[in-house]
Protein chains: 2
Amino acid sequence: MEKKLTKKQQKILEFILKFTEENSYPPTLKEIAGKFKITIGTIQDHVSALQRKQYLEKKPDTARGFKVVKTSAGNKVTPKSDMNYIPLYGSVAAGEPIFASDNIQGYVTMEKSPKGHHIHFALKVKGDSMTDAGIYDGDIVIVRKQDDADNGDIVIALIEDEATVKTLRNNKIKAYLEAANPRYKAIMSQPFSVIGKVIELRRQYLNT
Amino acid sequence: MEKKLTKKQQKILEFILKFTEENSYPPTLKEIAGKFKITIGTIQDHVSALQRKQYLEKKPDTARGFKVVKTSAGNKVTPKSDMNYIPLYGSVAAGEPIFASDNIQGYVTMEKSPKGHHIHFALKVKGDSMTDAGIYDGDIVIVRKQDDADNGDIVIALIEDEATVKTLRNNKIKAYLEAANPRYKAIMSQPFSVIGKVIELRRQYLNT
DNA sequence: AAATATGCCATATTGAATTATGGAAAAGAA
DNA sequence: TTCTTTTCCATAATTCAATATGGCATATTT
């Protein structure tokens with residue numbers, strides 16, 4: 001089923017991709033022909049080969065009507081609309097509004113989750129209360145906004161207006177939070193509210 | 001300096017953006033006119049207004065030659081070309097070629113590093129030899145290809161054809177590798193070669 | 001050896017898409 | 001009010017771009 005591309009076909013497919021990214025619109029047959037110093041007729045052949053092998057779609061009678069659906073390596077082409085920019089908030093001091101826009105330190109890119117329209121945000125972890133769970137000071141956690149979570153989930157909780165990263169322990173009677181570092185005693189029966197669940201951790205080794 | 005857009009101009013700019021994402025190529029004047037049930041002449045006016053106000057670029061005499069440079073909200077439009085797709089390799093057994101294309105488990109998206117044309121790849125960590133450095137089994141490390149590194153860097157090293165994640169200890173006389181987990185003794189004076197430096201760690205909490 | 005796919009050319013034709021021009025009504029700013 | 005900008009129309013001209021045809025030389029596969 002999977003037909004492989006020839007070297008020439010690969011080059012042409014890659015050119016179409018690259019051209020589109022650089023110009024924001026795909027090339028014409030003539031422009032492709034110009035790049036490879038061959039004629040339009042030849043490009044017609046290559047393009048129909050690429051279509052036949054299902055790497056490229058083309059709308060008939062349409063200028064620049066190309067759509068690359070697979071790369072030469074066989075990967076699906078992810079459209080830009082499938083990427084999300086998630087705001088990265090710095091650590092928040094008690095009492096301050098968490099999602100203040102002037103607290104945004106930057107943005108983190110992430111592929112859109114296939115199902116569900118969840119809201120995500122990212123937080124920079126401060127402190128060492130989660131080192132036993134492998135979360136260190138300076139790490140970035142990506143959080144999916146939700147106000148409940150399951151036992152064992154790592155969550156962002158609001159305790160007295162301060163956002164903290166903790167593991168949720170839910171023993172059916174009362175939920176409590178637990179710092180992964182045993183030096184901190186578990187915060188029990190304190191009023192808190194879950195504002196999101198940690199779905200990914202990122203740590204950057206910035207030196208050099 | 002910043003001219004604001006009228007409602008109509010906003011709608012047209014947004015349509016061009018949306019159309020481009022859906023079709024992979026921008027619309028023609030006629031297609032825009034069709035959407036808004038007005039004539040091409042009118043669209044010409046709108047398009048020149050958008051150009052004048054620096055929201056849209058257009059290559060003359062070029063079919064679909066649009067490039068949206070700013071959204072109606074004033075945000076810069078980030079081209080997809082600023083994103084990199086990095087191959088994610090699974091753990092490799094000894095003797096097998098590391099970068100075999102059939103060992104690619106998927107792709108990881110990452111913003112292009114501003115300077116330098118480094119080659120990156122990602123590896124899924126197997127084993128618990130780095131838990132003390134906060135790297136766990138199943139974590140994904142993003143690696144920048146290079147054959148040297150500094151003292152203290154976490155590197156991917158090749159020891160007897162097996163790729164491993166280790167901390168580099170370079171005491172000027174001889175470099176050796178060190179597993180962050182003390183249960184493993186440091187591998188000293190064994191022949192090895194550095195193939196890259198870990199620049200980022202990602203851990204996904206997949207449940208629910 | 002014969003059939004098939006690739007890679008290349010040239011030219012003509014049809015259709016698609018941009019540009020040019022000139023006019024006119026309505027809203028907003030000076 | 002006057003001026004400018006916006007929003008709209010219609011039509012013609014021109015250039016751009018895709019398609020259609022037919023032919024030729026190499027490889028590859030059956």
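Key figures for this structure:
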quantity	calculated
Residues whose placed amide H lies under 5 Å from that of B:Gly106, excluding near-sequence neighbours	B:Leu88
Residue-span extension gain [A:Lys112 to A:Gln146] - 0.36 nm each, minus C-alpha spacing	10.6 nm
Residues with amide H under 5 Å from that of A:Asp153, placed H, sequence gap 5 or more	A:Leu168
Per-residue average of Cβ from other chains inside 10 Å of A:20-29	6
Using θ = phi - 60° and Karplus 6.51 cos²θ - 1.76 cosθ + 1.60, couplings along segment A:60-70 (whole Hz; Gly, Pro as x)	x, 6, 10, 5, 6, x, 9, 8, 7, 9, 9
Nearest-first distances (nm) between copies at A:Thr71, label 7 Å from Cα via Cβ	2.5
Protection-proxy order for peptides B:159-169, B:145-155, each taking the mean of Cβ atoms within 10 Å per residue, highest first	B:159-169, B:145-155
Cross-link pairs beyond the 23 Å C-alpha cut-off, checked among A:Lys8/A:Lys58; B:Lys126/B:Lys197; A:Lys67/B:Lys18; B:Lys11/B:Lys67; A:Lys126/B:Lys126	A:Lys126/B:Lys126
Karplus-derived HN-Hα couplings along segment B:41-47 (A = 6.51, B = -1.76, C = 1.60, θ = phi - 60°), whole Hz, x at Gly and Pro	x, 5, 5, 3, 4, 4, 5
In order through segment A:50-56: 3J(HN,Hα) via Karplus (6.51 cos²θ - 1.76 cosθ + 1.60), integer Hz, x for Gly, Pro	5, 5, 4, 8, 6, 9, 9
Using a 7 Å Cα-to-Cβ projection, B:Arg169 label spacings across copies, nm, ascending	3.6
Distances in nm from A:Lys37 to the matching label points in the other copies, shortest first (labels 7 Å along Cα to Cβ)	5.4
Average beta-carbon neighbours from other chains, 10 Å sphere, peptide A:194-201	3
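Since every read-out is calculated from the coordinates, none of them should be taken as a lab result. This structure is a prediction, so every number in the text was calculated from the model and none was measured. Please note: Cβ atoms are built from the backbone with ideal geometry, for glycine as well, and neighbour counts cover all protein chains shown.
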